[in-house]
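Enquirer: Structure below; questions to follow.
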């Protein structure tokens, strides 16, 4: 199972230099889990930068995977994990979803680098792990 954080989705949709790194996880929709907070973040950025049509196209692509909504139990897990790992709200939820589903978290956010269950690439793609 795979979870791609919001920055990975945005890099993929913008065809940035690291898009191929994220393509492996994004294009295998049968193994893809999408935290609803990622749908929110990506839709908002794409709406602002490229307009409504592009934003809805991005959201539709994200819904090819299993979208996991934030409920009470997940909120508690994310809060505890966020405190333990020193993560902000959205990152806490994303990481909690990945851990709950025993999924690999694909990211280019450096604060996830070295954490258990994370596939990290630097924004320039020179560092993968």
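The values are calculated or read from the model by the stated rules, or taken from the named source; none is laboratory data. Keep in mind it's a predicted model, so treat the numbers as computed, not measured. Because the Cβ atoms are built from the backbone with ideal geometry, glycine has one as well, and the counts that use them run over all protein chains shown.
Enquirer: When you look at residue 46, is it modelled with pLDDT of 95 or more and closer than 20 Å to residue 1 by Cα, yes or no?
Expert: On the way: modelled with pLDDT of 95 or more: yes; closer than 20 Å to residue 1 by Cα: no.
Judged against the criteria, residue 46 is not a match.
Enquirer: Do we find that residue 57 is loosely packed, with under 15 Cβ neighbours inside 10 Å and over 18 Å from residue 7 (Cα atoms) in this structure?
Expert: On the way: loosely packed, with under 15 Cβ neighbours inside 10 Å: yes; over 18 Å from residue 7 (Cα atoms): no.
Here the answer is no, as residue 57 does not meet what is asked.
Enquirer: Still on this structure: For the list (1) in contact with a helix residue (DSSP H, G or I) (Cβ under 9 Å, 6 or more places away or on another chain); (2) more than 16 Å from residue 3 (Cβ to Cβ); (3) surrounded by 12 or more Cβ atoms within 10 Å (Cβ to Cβ), I need the number of the one condition that residue 127 fails.
Expert: (1) is the only condition that residue 127 fails.
Enquirer: Restricting attention to segment 65-90, which residues are surrounded by 14 or more Cβ atoms within 10 Å (Cβ to Cβ), out of contact with any strand residue (DSSP E or B) (no Cβ under 7 Å at 6 or more places or on another chain) and under 13 Å from residue 34 (Cα atoms)?
Expert: 70, 90
Enquirer: Report, by residue number, each residue of segment 4-36 that is assigned to a helix (DSSP H, G or I) and touching a helix residue (DSSP H, G or I) at 6+ places or on another chain (Cβ under 7 Å). Reasoning before the result, please.
Expert: Of segment 4-36, the ones assigned to a helix (DSSP H, G or I) are 6-13, 19-26, 29-31, 36.
6, 8, 9, 10, 11, 12, 13, 19, 22, 23, 26, listed by residue number.
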